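Please read the structure below before turning to the comments.
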Amino acid sequence: MKRIEGFSRGMGIGGWLTNYKRFNVLPQDRRMTITIGDMEHFESYITEADIAYIASLGMDHIRLGFDQIVVEESPYVYRRRIIALLHNFVDWCHKYGMRPVLNMHKAIGNYCDIPDECGLMQDKELQSRFVALWEMLEDEFCDENDVVFELLNEAVNATPEEWNAVARGAIDAIRRRNPLRLIVVGGVEWNNPPALPYVKVYDDENIIYTFHCYAPHEFTHQQGVLQAPQLFYNRKMPYPCDDIERYRDYHRTVFGTEEYEKYDRMDIAFMRDYLAPVKEFIEKHPDKILWCGEFGTIRHARLEWRESWMRDMITILNEWDIPYCVWNYLSTPNDGNRFSLVDDDERKILSEELHRIILGESGKK
């Protein structure tokens, strides 16, 4: 598989310009407003020291998530203070020898964690604003071709055909300005591996294809407050797990279905099967670039379980020669999906073993 220099192992940053607060608890008419408190958060939460520390961990790229409403003050009008922060981030990455990835984490009309927010894939005006924002960012970073543009974190409420058309429009707009920009595109259904076969493949050597992995979801999001199934079941889920019945019971209780009938335990064997579409993509497109842009586990899962899952995931990625980016550096305390890899106070990695695992240096125990 084709590889890019400086794009092997990275770390995502959420909680700064995305996931700074969860909209689920806000009334509909207040979700799209940026407050004074929000701006104070944007201008203080992540500093150069954080970027320096991520570099010290051995990462070679950082994926920065941002929301469209954070950058866009009104249709086609952008907040210069936020754009200045993006420039600061890119400059810090350059200073510490890392490649920056700018990821539109949540677009207007495509909020991956709010089911009643939809429309980007069907609304021409929202699509026009989506493309215009990327055109603006291309103009801002026209002289910095090491900056990677990731069009959208996780496409939802769309068919593959709808999302492929929207993505194509953004790619064409960027290409009219810059034929060399590295552009990341993934699939629908929250970018999960089963959607990968339906992603449009381009005759363009500067397109990076991506997928995310949070399987099994009942483990990675266990007892999460933003997911109704996990909140309802409210049970700790070990990984690996010799008692597959615990996983089967989750599906019986929550969905009334029978799952995992072919498995005796939950471990790397299930992970390999779940990631089969990824292996198939590599075999079908050996000349393309494939990147696992996001994977992780909720913060309150036991650390040894988090380590085991991360170890298995990275073992598979390394076996298949897939570059990856772990999620995520630090989540805000009020984030219902806390996937932090560092502690809140000192902002240091949660364990040396976790550090070795992320670097791909920890063998399977």
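The values are calculated or read from the model by the stated rules, or taken from the named source; none is laboratory data. Because the structure is predicted, anything quoted here is derived from the model rather than measured. For neighbour counting, all protein chains shown are included, and Cβ atoms are generated from backbone atoms with ideal geometry for every residue, glycine included. Heads up: the accessible areas ignore ligands, DNA and RNA and are worked out on the full protein's heavy atoms, side chains in. Shrake-Rupley method; radii C 1.70, N 1.55, O 1.52, S 1.80 Å.
Observations on the structure shown:
For (1) within 27 Å of Cys142 (Cβ to Cβ); (2) charged (D, E, K, R); (3) open to solvent by less than 10 Å² (accessible area, probe 1.4 Å), each residue gets a yes or a no:
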{"site": "Met1", "(1), (2), (3)": "no, no, no"}
{"site": "Ile4", "(1), (2), (3)": "yes, no, no"}
{"site": "Leu17", "(1), (2), (3)": "yes, no, yes"}
{"site": "Asp29", "(1), (2), (3)": "no, yes, no"}
{"site": "Tyr76", "(1), (2), (3)": "yes, no, no"}
{"site": "Phe89", "(1), (2), (3)": "yes, no, yes"}
{"site": "Met104", "(1), (2), (3)": "yes, no, yes"}
{"site": "Asn110", "(1), (2), (3)": "yes, no, yes"}
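- Of everything listed in (1) assigned to a loop (DSSP other than H, G, I, E, B); (2) surrounded by fewer than 16 Cβ atoms within 10 Å (Cβ to Cβ); (3) under 21 Å from the mean Cα position of the chain (by Cα), the single unmet condition for Gln122 is (3).
- The single residue among Val225, Val185 that is of a type in the set (Val, Ile, Thr) and either touching a residue at least 40 places away in the same chain (Cβ under 8 Å) or open to solvent by 10 Å² or more (accessible area, probe 1.4 Å) (or both) turns out to be Val225.
- Every pair of residues 6+ apart whose Cβ atoms lie under 7 Å, when the first sits in the range 343-358 and is within 16 Å of Ile54 (Cβ to Cβ) while the second is in a helix (DSSP H, G or I) and among the hydroxyl-bearing types (Ser, Thr, Tyr): Arg347/Tyr53
- Taking the conditions (1) crowded, with 17+ Cβ neighbours inside 10 Å; (2) part of a loop (DSSP other than H, G, I, E, B); (3) modelled with pLDDT of 95 or more in turn, Arg311 satisfies each one other than (2).
- Breaking point among (1) aliphatic (A, V, I, L, M); (2) more than 21 Å from the chain's Cα centre (by Cα); (3) at pLDDT 95 or above; (4) open to solvent by less than 50 Å² (accessible area, probe 1.4 Å), for Ile54: (2)
- Pairs meeting the criteria (first residue in the range 22-46 and among the β-branched types (Val, Ile, Thr), second residue open to solvent by less than 30 Å² (accessible area, probe 1.4 Å) and not in a loop (DSSP other than H, G, I, E, B), beta carbons under 8 Å, at least 6 apart or on different chains) are Ile34/Ile69; Ile34/Val70; Ile46/Ile13; Ile46/Trp16; Ile46/Phe89.
- The residues of the range 155-178 that are open to solvent by less than 10 Å² (accessible area, probe 1.4 Å), modelled with pLDDT of 95 or more and over 15 Å from Ala132 (Cα atoms) amount to a single one, Trp163.
- Scanning the range 194-219 for residues that are under 22 Å from His61 (Cα atoms) and in a helix (DSSP H, G or I) turns up nothing.
- Test: residue in the range 265-274 that is touching a strand residue (DSSP E or B) at 6+ places or on another chain (Cβ under 7 Å), of a type outside the set (Val, Ile, Thr) and in a loop (DSSP other than H, G, I, E, B): yes
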